[in-house]
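Undergrad: The structure that follows is given in the form of structure tokens.
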Amino acid sequence: MVGVWPSRAVLFIENHDTGSTLGHWPFPHHGLHEGYAYILTHPGTPCVFYDHYYQDEAGLRDAIMKLIRIRKRFGINSRSKVKISKAVAEVYAAVVDDKVAVKIGPGDYTPNAGGKNEWNLCCSGPNFAVWHKQGAIVFSNL
């Protein structure tokens, strides 16, 4: 759904039917930061799982809060445009609305490659990083 009709897609990592205390088909905990980096910086309507938001393991709550602020600040929404910069086994990278760049995975990537220096790192964590473009339109001062 997200690749075909993102304005109608609801994105989530886990919910009370899959994870939590039930433990049915849980999302791999080592990938939670990467999962939230994706759903909170890409088109669609993201949902944060209550258990993850109030989990303080490995700074997950702090990362989720920063990613939500980035989404709001740069106006990422269900109709945002994505340009995939790199997609290989070890790294996925994309630019969203020409304002936010995201790297997911352990591989190497920077939007400032080739001597460019127009992107500032605004959030990073286990196997992810998010940059904003200098001069990008800001929708709020969160």
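The values are calculated or read from the model by the stated rules, or taken from the named source; none is laboratory data. Note that the structure is predicted; figures quoted are calculated from it, not measured. Because the Cβ atoms are built from the backbone with ideal geometry, glycine has one as well, and the counts that use them run over all protein chains shown. With ligands, DNA and RNA removed, areas are computed over all heavy atoms of the protein, side chains included. Shrake-Rupley method; radii C 1.70, N 1.55, O 1.52, S 1.80 Å.
Undergrad: Could you look through the stretch 36-54, keep only residues that are more than 19 Å from Phe74 (Cα to Cα) and crowded, with 19+ Cβ neighbours inside 10 Å, and pick out the one that is modelled with the lowest pLDDT?
TA: Step by step, filter the stretch 36-54, then rank; the result is His52.
Residue-by-condition table, conditions (1) open to solvent by less than 40 Å² (accessible area, probe 1.4 Å); (2) of a type in the set (Phe, Trp, Tyr):
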| site | (1), (2) |
| --- | --- |
| Gly75 | yes, no |
| Ser80 | yes, no |
| Pro106 | no, no |
| Asn112 | yes, no |
| Trp119 | yes, yes |
| Phe128 | yes, yes |
| Val138 | no, no |
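Undergrad: Name the residues in the stretch 42-95 that are assigned to a strand (DSSP E or B) and in contact with a Pro (Cβ under 8 Å, 6 or more places away or on another chain), would you?
TA: Result: Val82, Ser85, Val91, Ala93, Val95.
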